[in-house]
Amino acid sequence: MTTRAAGEWREAESRPQLLFVIPAFNEEENLPNLFADLAQTSELLGVGSRIFIVDDGSADDTSALVEAYSGPLPVELVRLEVNQGPGAAFRTGFASALQCADPDALIVTLEADTTGDLGALPQMLDEVRHGADVVLADWRMEGVSAHRRLLSAAAGWVVSRMRLTATASA
């Protein structure tokens with residue numbers, strides 16, 4: 001049993017319950033970095049905070065790594081037996097988070113590939129403290145491979161062409 005001074009309890013109780021929803025598909029290589037990044041934010045976690053890693057039917061050892069995690073973070077595995085895509089993984093993660101959410105809990109979404117900037121989390125929490133109901137982070141492709149950048153650019157090009165075609169035929 002851990003003993004805390006009264007001031008430490010008050011400090012922990014004043015931090016928000018953060019519920020992370022993190023879909024993961026074949027992310028065994030990225031999970032150690034994700035856990036290390038999340039550990040750097042542990043001082044922000046209030047009572048009852050949890051980190052839900054949603055394994056979206058991975059063929060690698062994603063689930064095994066999450067189950068074997070024994071670090072200081074409150075990590076829980078949510079497993080989909082077959083890959084259903086990010087939408088289903090987020091819905092499943094949200095359902096898990098809402099089952100344990102306090103009325104004032106905050107849900108934080110991340111990608112398991114560690115492209116999210118957890119350094120922005122304190123500023124985002126400040127926005128909530130000042131009345132924001134929703135806070136969205138600025139997404140930038142930092143630390144992303146050239147292959148992934150190319151795929152993203154190609155997908156953006158296809159979508160823009162589809163919109164132009166739909167607009168021209170309307």
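Rule-based calculations on the coordinates, nothing more; no lab input. The shown structure was predicted, so the numbers you read here are calculated from the model rather than taken from an experiment. Glycine gets a Cβ as well: all are built from the backbone with ideal geometry, and neighbour counts include every protein chain shown.
Below is a table of values for the structure above.
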read-out	value
Cβ charges +1 (Lys, Arg) and -1 (Asp, Glu), total dipole of the range 1-136, debye	500 debye
For the range 45-121: relative contact order, % (alpha-carbon pairs under 8 angstrom, 6 or more apart)	31 percent
Proxy reagent accessibility, fewest Cβ within 10 Å first, across Glu81, Glu76	Glu81, Glu76
Residues Val54, Val75 arranged by fewest to most Cβ contacts within 10 Å	Val75, Val54
Note, ³J(HN,Hα) from phi for the range 82-95, Karplus 6.51, -1.76, 1.60, rounded to Hz, x at Gly and Pro	10, 5, 10, x, x, x, 5, 5, 5, 4, 5, x, 4, 4
The range 6-139: Cα Rg divided by the 2.2 N^0.38 Å rule of thumb	1.03
Ranking of Asp56, Asp104, Asp133 by count of other Cβ atoms within 10 Å, fewest first	Asp133, Asp104, Asp56
For Asn83, net neighbour charge (Lys/Arg +1, Asp/Glu -1) across residues whose Cβ lies under 10 Å away	-3
